[in-house]
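Everything on this sheet refers to the single structure shown next.
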Amino acid sequence: MNGLSDEQLAGLTERLAERKAVLVSEVRQVLARSGNEHDADLAGGIGDATDGSVPEQLRDIAEAEVVRDIGEVSDISAAQERIAAGRYGLCIDCGATIGYERLDAYPSAKHCLACQQRREKNRTQQITTR
């Protein structure tokens, strides 16, 4: 049991669906603009030789945003699958209940707070030992 009331689950389910729709729309818009006309407009009229990097930077930023958004869509889809399977609100590592407060702040959370902290600590230790 995930410890969520029907109302809480319904609200979180709706928020996940709404966020997913926004992200998919944003990704589609960025991809539709990737015809470079926007980049050309921003770089046009600037006579400095270094300004050729402006369109490249804009493409890099757009690409990073798309990658981030696709990652979040994937997390939301996984959360929706957990809802359908009756496992939403349960940590995928230890099976403990993920508190409503955490899910309210981060509806696609897949780890309880203890497991998430452990993962972050391990990641930090790996970075500092490199």
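Every residue, every condition in (1) among the aliphatic types (A, V, I, L, M); (2) at pLDDT 95 or above; (3) touching an Asp or Glu at 6+ places or on another chain (Cβ under 6 Å), yes or no:
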position: Gln29; (1), (2), (3): no, no, no
position: Gly47; (1), (2), (3): no, no, no
position: Gly52; (1), (2), (3): no, no, no
position: Val66; (1), (2), (3): yes, no, no
position: Ala105; (1), (2), (3): yes, yes, no
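Pairs linking a residue in segment 55-78 that is under 16 Å from Ala17 (Cβ atoms) to a residue that is at pLDDT 90 or above and of a type in the set (S, T, N, Q), with Cβ atoms under 6 Å and 6 or more positions apart or on different chains, are Asp75/Ser108; Ile76/Ser108.
When residues in segment 74-95 are screened for being under 20 Å from Ala10 (Cβ atoms), part of a loop (DSSP other than H, G, I, E, B) and open to solvent by less than 30 Å² (accessible area, probe 1.4 Å), 2 of them pass.
The combined condition, being modelled with pLDDT of 95 or more and assigned to a helix (DSSP H, G or I), is not fulfilled by Gln57. Filtering segment 96-114 to residues that are closer than 16 Å to Ala79 by Cβ, open to solvent by less than 70 Å² (accessible area, probe 1.4 Å) and not hydroxyl-bearing (Ser, Thr, Tyr) leaves Ile98, Gly99, Arg102, Leu103, Asp104, Pro107, Ala109, His111, Cys112. Tell me which residues, restricted to segment 50-68, are open to solvent by 90 Å² or more (accessible area, probe 1.4 Å), over 20 Å from the mean Cα position of the chain (by Cα) and not charged (D, E, K, R). Matches in segment 50-68: Thr50, Gln57.
With respect to the stated conditions, Gly71 is exposed (fewer than 12 other Cβ atoms within 10 Å of the Cβ) and at pLDDT 80 or above.
The values are calculated or read from the model by the stated rules, or taken from the named source; none is laboratory data. A quick note: this is a predicted structure, and the numbers were derived from the prediction, not measured. Cβ coordinates were reconstructed from backbone atoms using ideal geometry, including for glycine residues, and neighbour counts include every protein chain displayed. In case anyone asks, the SASA skips ligands and DNA or RNA and just uses the protein heavy atoms, side chains included. Shrake-Rupley method; radii C 1.70, N 1.55, O 1.52, S 1.80 Å.
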